[in-house]
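Here's the structure, in structure tokens; my notes come after.
Nothing in this text is a laboratory measurement; each read-out follows from the coordinates by a stated rule. Note that this is a predicted model, so its numbers are computed, not measured. Methodologically, a virtual Cβ is constructed for each residue, glycine included, from the backbone with ideal geometry; neighbour enumeration extends over all protein chains shown.
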Amino acid sequence: MIANNPFQMTKLISALLLFFTFATHGYSQKSGGIDSTQVRAIVDEFFQVFSQHDMKYVDKTCTPDFELYDVGLVWNVDSIRTYTSKYPKPYNRENKFRFIQFNFRKNIAWASYWNTGIFHQPDGKQQSVRWLESVILERRKGKWWLVQMHSTRTR
């Protein structure tokens, strides 16, 4: 009986761990790979909308039904458009990302990362703000598109 034999139980657990490691290898990716490189580029390009106040970055990276959840607010393409047209660009913003994990399932991907926005004011002052964020993307016609983003400010 396997349950009564610790050696057999250890072999069974090891075999199961190996099976699940290889069975999920193509589905979860922590770093590297063409898809993770594309996801990094999409996230970086999306944030140019807040650095440049230019909607072309949303149009190039987001689906028309894109949603952003940030600080208790729900943003969509129209509300981002209103924000960028209503408020002048009062600062220079630099974005830095430290990705935590990438996951891929056929034409769906999601990633998590730390986002640091460094705001350079006209008077020379600088402020850094950090967020913990996650994104969901969908691959359409060979290109990844942002579908949803969730952002939590951490300081």
Rg/Rh over Cα atoms for region 81-146, Kirkwood Rh, comes to 1.11
Residues H120, H53 arranged by fewest to most Cβ contacts within 10 Å: H120, H53
Just want the ordering: M149, M55, from fewest to most Cβ atoms lying within 10 Å of their own Cβ. M55, M149
What list of ³J(HN,Hα) values in whole Hz, one per residue of region 57-66 in order, does the Karplus curve 6.51 cos²θ - 1.76 cosθ + 1.60 (θ = phi - 60°) give from phi, with Gly and Pro shown as x? 6, 6, 4, 8, 10, 10, 6, x, 9, 3
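With r as the distance between the Cβ atoms of T152 and T37 and R0 = 25 Å, compute the FRET efficiency 1/(1 + (r/R0)^6) and round to 0.05. Working shown, then result.
Numbers: r = 25 Å, r/R0 = 1.00.
Plugging the Cβ-Cβ distance into 1/(1 + (r/R0)^6) gives 0.50.
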So for region 31-153, considering every pair of alpha-carbon atoms, how many percent are separated by more than 19 Å? 48
Among F97, F47, which comes first, then next, by fewest other beta-carbon atoms within 10 Å? F97, F47
Run the numbers on region 31-153 and let me know its relative contact order in percent, using alpha-carbon pairs under 8 Å that are six or more apart. 24
Based on the Kirkwood radius over alpha-carbon pairs, what is the Stokes-Einstein translational diffusion coefficient of region 35-103 at 20 °C with 1.002 mPa s viscosity, in µm²/s? 164
